[in-house]
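Reading through the structure tokens given below for one structure.
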Amino acid sequence: MNQSNYILIMAGGVGSRFWPKSRIEYPKQFIDILGVGKSFLQLTVERFKNVAPQENIFIVTNEQYRELVKEQLPHFAAEQIICEPSRNNTAPCVAYASFKLFAKNPNANVVVAPSDHFILKEEVFVEKILSALEFTATNDSLLTLGITPTRPDTGYGYINYMKTDAGAIKKVIRFTEKPKLEKAQEFLISGDYVWNAGIFIWNVKSALKAFQQNSPEIYELFKAGMVHYNTSSEKAFVDEFYPQSANISIDYAIMEKADNVFTLPADFGWSDLGTWASLYEVAEKDENQNVSNSDQILSFEAEGNIMHLPEGKKAVVKGLNNFIIVDDKDVLLIYPKELEQEIKQVSEQVALL
């Protein structure tokens, strides 16, 4: 296994669209929401053990979740848990982690990936990741895995690439944030767009160069900490200066500005599992197309629902079609699947009650 391969797993989000199961104090990446006995984070780590040595896998999370990570990954060293003291989106935490890796190994070849994605064809996924790492090891490039779209989904960002490029890896023309349905349909028909999965591969030198050229304020802020990274003074530096960084995503900070961006179109059974409906799509369904985490639910004249109940809880559902039904602690959610994008705002209103 290549000792220069490193993995940065992003695990600091709050998963608000998976409310009420996912809460700020215990977000979805730490939950066994698939019912397989392991959390999203644990499954993601296992997947990447086929790409890099375990000691080269780092968890990038919020300070609030340090103990949760340690609990779920007891064999990880303390230095493998990189904690941000404030939530400033993905660009600052990637910049911080990149400088830290550069101080450790200036030839690091890095995968940046979310901790809460569903991958059905894991062998294909690993094959694509290794192919991408081989490319970035010898090319000054920023590469992203592009997911071959199966429907005109308006919940994903899209990547337009040069279809005429020879080989599997394609030059990126532009990124488009979540489009309207008509535009998404055009993208699907054209055949030269992929979904943006938020999985990035690059050499650490290329990443830092991209920050320097496209987000110099972030670059200079974290460059000032080079003498502190991987030393006892690192935490004090990060606690003081990290909150001063811009609140911006990695897409806006560098990916949509850089001119050396490539994509590797792939199909490995991917879902970002960002919502209850996306979990419904990949989960096993009964004869009425219902998805349930329990055998204690009786349903009559009910189809297309996703139902998630606490262990030991019984429920009877009749006459509901295409609903999200989630009972968790102090909250019962019954909501139409087609309106699930409202759940984040609803959770904020409930918090005020």
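The values are calculated or read from the model by the stated rules, or taken from the named source; none is laboratory data. Computed from a prediction, not measured in an experiment: that's the story for all the values here. Backbone-built Cβ (ideal geometry, glycine too); neighbour counts: all protein chains shown.
Within this structure, A113 fails the test of being in a helix (DSSP H, G or I) and at pLDDT 95 or above. Out of curiosity, is K235 surrounded by fewer than 18 Cβ atoms within 10 Å (Cβ to Cβ), in contact with a helix residue (DSSP H, G or I) (Cβ under 6 Å, 6 or more places away or on another chain) and basic (K, R)? Here the answer is no, as K235 does not meet what is asked. Here is the figure for the stretch 13-42: residues that are closer than 25 Å to K121 by Cβ, buried (at least 20 other Cβ atoms within 10 Å of the Cβ) and among the aliphatic types (A, V, I, L, M) total 2. The residues of the stretch 1-12 that are surrounded by 22 or more Cβ atoms within 10 Å (Cβ to Cβ) and hydroxyl-bearing (S, T, Y) amount to a single one, Y6. Within the set S233, S249, S292, the sole residue that is at pLDDT 90 or above and more than 25 Å from the chain's Cα centre (by Cα) turns out to be S233. Of all residues in the stretch 1-51, exactly one satisfies the criterion of being in a strand (DSSP E or B), of a type in the set (F, W, Y) and either within 22 Å of N109 (Cβ to Cβ) or touching a Pro at 6+ places or on another chain (Cβ under 8 Å) (or both), namely Y6.
Test K128 against the criterion of being within 19 Å of D192 (Cβ to Cβ), among the charged types (D, E, K, R), part of a helix (DSSP H, G or I) and assigned by TED's automatic domain parsing to the domain that holds A207, and give yes or no. Considered against the rule, which asks whether it is within 19 Å of D192 (Cβ to Cβ), among the charged types (D, E, K, R), part of a helix (DSSP H, G or I) and assigned by TED's automatic domain parsing to the domain that holds A207, K128 comes out as yes. Screening P243, P265 for residues that are touching a residue at least 60 places away in the same chain (Cβ under 8 Å), more than 30 Å from L120 (Cβ to Cβ) and out of contact with any helix residue (DSSP H, G or I) (no Cβ under 8 Å at 6 or more places or on another chain) leaves exactly one candidate, P243. Taking strands (runs of 3 or more DSSP E) as the structural unit, no element lying wholly within the stretch 240-324 holds at least 1 residues that are at positive phi, of a type in the set (G, A, S) and surrounded by 15 or more Cβ atoms within 10 Å (Cβ to Cβ).
For the structure I just gave you, tell me whether T61 is assigned to a helix (DSSP H, G or I) and surrounded by 17 or more Cβ atoms within 10 Å (Cβ to Cβ). Spelling it out, it is not the case that T61 is assigned to a helix (DSSP H, G or I) and surrounded by 17 or more Cβ atoms within 10 Å (Cβ to Cβ).
One residue stands out among those in the stretch 140-172 that are among the polar types (S, T, N, Q) and in contact (Cβ under 8 Å) with a residue 12 or more places away in the chain: the one that is surrounded by the most Cβ atoms within 10 Å (Cβ to Cβ), which is T144.
Residue-by-condition table, conditions (1) in contact with a Phe, Trp or Tyr (Cβ under 8 Å, 6 or more places away or on another chain); (2) of a type outside the set (D, E, K, R); (3) assigned by TED's automatic domain parsing to the domain that holds V124:
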| position | (1), (2), (3) |
| --- | --- |
| Y161 | yes, yes, yes |
| L188 | no, yes, yes |
| I218 | yes, yes, yes |
| V227 | no, yes, yes |
| D239 | no, no, yes |
